[in-house]
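The values are calculated or read from the model by the stated rules, or taken from the named source; none is laboratory data. Worth saying up front: this structure is predicted, and the values here are computed from it rather than measured. Heads up, the Cβs are rebuilt from the backbone with ideal geometry, glycines too, and the neighbour counts pull from every protein chain shown. Surface accessibility is based on the protein's heavy atoms, side chains included, excluding ligands, DNA and RNA. Shrake-Rupley method; radii C 1.70, N 1.55, O 1.52, S 1.80 Å.
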Amino acid sequence: MAEPWRNRARRAVEWNWRLRSAGDPRPHYVICGRDSLAYYVARAILESEPPVGGARVTVVVPERYPDNGPDVAALRGVRVVRSDRLDVATFETAGLAGAAGLALLHQDDVGNLHAALCAQAVDQRVRQVLRMFNGTLADGVRKLLKAPVEVLSDAEMAAPAFVAAALGEVDPSSFQHRDKTLRVARRDDVRPQDVVCALARLSEEQGVELLPAEQAGADLVLAEATGQPPGTEVAARRLVRARRRRRPVAVLMRAVRGFATRKIGIAVMLVLAVIAVLGALISRAEGVSPAEALYLTLVTTLSGADPDTGKPPDAQVMQVVLNLAGLALIPLITAVVVDGIVNARLALHTGRQQPARAGHVVVIGLGNVGTRVMARLREYDVEVVAIDKDPEPRGGALARQLEVPLIVGDAALPETLISASVADCQALVVASTDDVANLEAALTARDLRDDLRVVLRLLDGDFAARVEETLALGVSRSVSYLAAPAFIGALTERAVITTIPVDRHALPVAEVPVAAGSELDGRPLSSVSRDGQVRLIARTPTGGGRTIWWKDLDPRQVIFAGDRLTVVARRRGLDWLTGQCAPPAPVSRPAESVHGGVHSPAAAAPVVPGQAGAGADTTHPVHPAGDSPSTTNGGGLPDEPEVTRRHDGTGEVN
């Protein structure tokens with residue numbers, strides 16, 4: 001009897017939300033997803049400063065889905081709609097009509113496309129952000145949909161961070177904005193005049209300090225790309241393909257071990273041992289030389305011998321046993337040949353029969369992320385060996401095209417890692433979607449080699465941070481955490497140009513327009529930058545004038561409406577800047593209420609879900625900006641701690 005009551009209560013809550021949303025002025029976002037990417041996007045929208053702060057968020061999740069990573073349905077302040085199909089009825093239930101944005105974040109390209117078409121039937125004007133891996137399909141989506149659409153790939157955005165961690169380098173990729181090409185580099189590797197801004201100071205005592213005030217003390221900087229492309233520089237300096245070590249004896253022994261199964265090998269060895277012992281006894285009894293004894297033994301074993309009743313009884317017994325051994329040896333030889341041919345074909349098909357390598361990178365899991373990592377490593381001319389349980393993984397075709405050996409097997413087994421020469425590789429990238437399998441593979445690899453560089457993918461960002469700090473398995477990364485800023489920017493219509501991974505953090509590079517009447521309209525440029533949060537690197541004047549870059553920026557210059565500010569910022573810093581550049585909120589005329597004959601203005605704020613009173617639902621309230629437990633610094637910007645605690649006690653490194 002409990003289940004019908006639960007369903008009835010859920011329908012009542014959804015109906016109450018639909019009644020309230022008609023007059024609710026807050027922007028409404030619908031997020032469809034069940035993994036950590038949906039969690040980070042929903043949480044960031046709920047925690048953002050005005051004008052996005054206080055937004056209504058509806059999350060559509062399947063009826064039953066695995067609890068792997070943070071649960072988006074457990075966030076405070078979200079409305080949850082459970083449905084296994086993203087169709088027109090589901091979007092109508094979620095209140096998509098009139099929403100500010102829709103995020104389709106499932107790991108299913110075709111399913112996301114179908115959902116986007118259904119959403120277009122509900123509201124053609126809603127802004128859609130799709131998560132897709134297939135680039136060709138993504139180009140087609142932009143042509144099919146009439147609604148404003150942005151198609152992003154979390155794997156493509158996170159792959160540079162995995163490659164940089166595997167090679168012990170900063171991200172060797174670059175990005176272009178306006179008329180400049182910028183890249184991340186070490187401070188000592190670039191000229192002082194090419195430094196755009198300081199990104200981070202790295203130290204073992206204090207950890208990572210992002211966007212420090214002192215340019216000279218920064219270890220990582222954003223610099224203008226001059227001379228050779230950064231990928232070519234890195235490839236020439238450290239990422240040159242290591243030559244294979246010639247180990248003919250080891251290759252021969254591995255080939256012999258893989259030629260037949262263990263049981264057949266043991267049987268052959270036992271039969272040969274019996275023949276050798278009997279051959280030695282016959283040579284002693286006959287009094288012949290070792291060569292003649294070998295001849296008599298082989299002839300007797302393979303072709304038999306004529307019976308001789310005149311021989312001593314012990315000689316007759318040895319002759320009979322040798323004939324029996326010969327009868328057993330012939331089928332065993334046939335079995336070894338057949339088994340060897342079958343094993344050789346299987347080894348070639350699964351990739352287990354590989355020559356010894358050194359200096360390569362082993363990538364486990366050719367899914368979305370592993371495929372992107374493999375492709376980027378090959379762009380830098382790094383030798384790659386791939387491992388996957390599936391004989392035909394998503395990146396299998398690309399691996400064959402790039403001539404990357406693919407070993408089919410369980411990466412948690414030592415023999416699979418040995419066949420990939422993990423003990424001699426320069427790094428191991430574990431990028432499958434199973435956290436348990438990834439941990440098992442990393443632990444097995446560390447048993448083979450203690451100082452192996454391991455880059456571990458974990459779905460939950462907090463879990464990844466704790467594994468890296470506690471277990472010392474190497475570098476851990478969360479794909480969803482690295483890609484979330486770009487999805488948030490696309491959903492809230494912020495022009496996020498790229499995302500720079502720095503250690504376990506992500507710094508979005510964005511271009512923010514200044515609206516008329518905003519807080520920054522008419523103020524100097526010095527009011528934009530905030531140490532540790534926002535760094536201004538360029539300004540494009542209103543009317544499409546020439547972009548003024550960091551070299552020519554004067555802090556005393558006045559900001560005008562229509563200017564576009566290019567900044568490198570942390571997430572909260574970007575939220576603050578967006579609020580400072582947004583137009584002023586419209587002032588609504590407050591209603592009046594009468595208390596005992598005295599007229600007093602009543603707050604015109606919308607009803608907050610979870611508020612006490614009639615018709616209140618059971619969702620948690622969203623803290624207004626003034627009631628947020630976070631503190632503010634001297635510039636009025638909320639502090640962003642290294643670990644942000646959720647209501648259920650878990651944390652997330654930011």
**Fill in**
Over segment 394-407, the set of residues more than 16 Å from His360 (Cβ to Cβ), open to solvent by less than 20 Å² (accessible area, probe 1.4 Å) and touching a helix residue (DSSP H, G or I) at 6+ places or on another chain (Cβ under 8 Å) is Gly395
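Is there a residue being at pLDDT 80 or above and under 25 Å from the mean Cα position of the chain (by Cα) anywhere in segment 186-196?
For segment 186-196, residues at pLDDT 80 or above and under 25 Å from the mean Cα position of the chain (by Cα): present.
Scan segment 446-466 residue by residue and report those that are open to solvent by less than 10 Å² (accessible area, probe 1.4 Å) and aliphatic (A, V, I, L, M). I'd like the intermediate steps shown before the answer.
Within segment 446-466, the first condition is being open to solvent by less than 10 Å² (accessible area, probe 1.4 Å), and the residues that meet it are 452, 454-456, 458, 461, 464-465.
Within segment 446-466, Leu452, Val454, Val455, Leu456, Leu458, Ala464, Ala465 qualify.
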**Message:** Quick check on my filter: what residues within segment 481-499 are out of contact with any Asp or Glu (no Cβ under 7 Å at 6 or more places or on another chain) and of a type in the set (A, V, I, L, M, F, W, C)?
**Reply:** Leu482, Ala484, Ala486, Phe487, Ile488, Leu491, Val496
**Message:** Go through segment 8-48 and report how many residues are open to solvent by 20 Å² or more (accessible area, probe 1.4 Å) and either among the small types (Gly, Ala, Ser) or modelled with pLDDT under 50 (or both).
**Reply:** 15
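Could you go through segment 93-102 and let me know if any residue there is in contact with a Pro (Cβ under 6 Å, 6 or more places away or on another chain), open to solvent by 40 Å² or more (accessible area, probe 1.4 Å) and not in a strand (DSSP E or B).
No, segment 93-102 has no match at all.
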**Request:** Could you tell me whether segment 67-75 includes any residue that is modelled with pLDDT under 90, open to solvent by less than 10 Å² (accessible area, probe 1.4 Å) and more than 24 Å from the chain's Cα centre (by Cα)?
**Result:** no
**Message:** closer than 23 Å to Arg394 by Cβ and out of contact with any Ser or Thr (no Cβ under 6 Å at 6 or more places or on another chain): which single residue out of Val72, Val149, Val110 fits that description?
**Reply:** Val110
**Asked** Hey, any hits in segment 353-367 for a residue that's assigned to a helix (DSSP H, G or I), modelled with pLDDT of 70 or more and either within 30 Å of Leu406 (Cα to Cα) or open to solvent by less than 30 Å² (accessible area, probe 1.4 Å) (or both)?
**Response** no
**Request:** Show the residue pairs that are 6+ apart or on different chains and have beta-carbon atoms under 8 Å apart, the first residue being within segment 274-296 and within 19 Å of Ala328 (Cα to Cα) and among the hydrophobic types (A, V, I, L, M, F, W, C), the second being open to solvent by 50 Å² or more (accessible area, probe 1.4 Å) and modelled with pLDDT of 70 or more.
**Result:** Val274/Val321; Leu278/Val321; Leu296/Glu286
**Item:** Sole residue being open to solvent by less than 10 Å² (accessible area, probe 1.4 Å), touching a residue at least 24 places away in the same chain (Cβ under 8 Å) and either in contact with an Asp or Glu (Cβ under 6 Å, 6 or more places away or on another chain) or outside any loop (DSSP other than H, G, I, E, B) (or both), chosen from Ala386, Ala375
**Value:** Ala386
**Prompt:** In the set Ala375, Ala386, Ala445, which member is among the small types (Gly, Ala, Ser), over 25 Å from Gly135 (Cβ atoms) and at pLDDT 90 or above?
**Reply:** Ala445
**Prompt:** Right, Leu167: out of contact with any Lys or Arg (no Cβ under 8 Å at 6 or more places or on another chain) and either in contact (Cβ under 8 Å) with a residue 40 or more places away in the chain or among the acidic types (Asp, Glu) (or both) or not?
**Reply:** no
**Message:** Being out of contact with any Phe, Trp or Tyr (no Cβ under 8 Å at 6 or more places or on another chain) and under 22 Å from Asp154 (Cβ atoms) is true for just one of Leu413, Leu366, Leu406. Which residue is that?
**Reply:** Leu366
**Message:** Six or more apart or on different chains, Cβ atoms under 8 Å: show the pairs whose first residue is in segment 524-545 and in contact (Cβ under 8 Å) with a residue 12 or more places away in the chain and whose second is surrounded by 22 or more Cβ atoms within 10 Å (Cβ to Cβ) and among the acidic types (Asp, Glu).
**Reply:** Arg539/Asp563; Thr540/Asp563; Pro541/Asp563; Thr542/Asp563
**Request:** Would you point out which residue out of Thr542, Thr619, Thr578 is surrounded by 18 or more Cβ atoms within 10 Å (Cβ to Cβ), in a loop (DSSP other than H, G, I, E, B) and modelled with pLDDT under 90?
**Result:** Thr619
**Subset of segment 427-441 [charged (D, E, K, R) and free of Cβ contacts under 8 Å to residues at least 12 places away in the same chain]** = Asp434
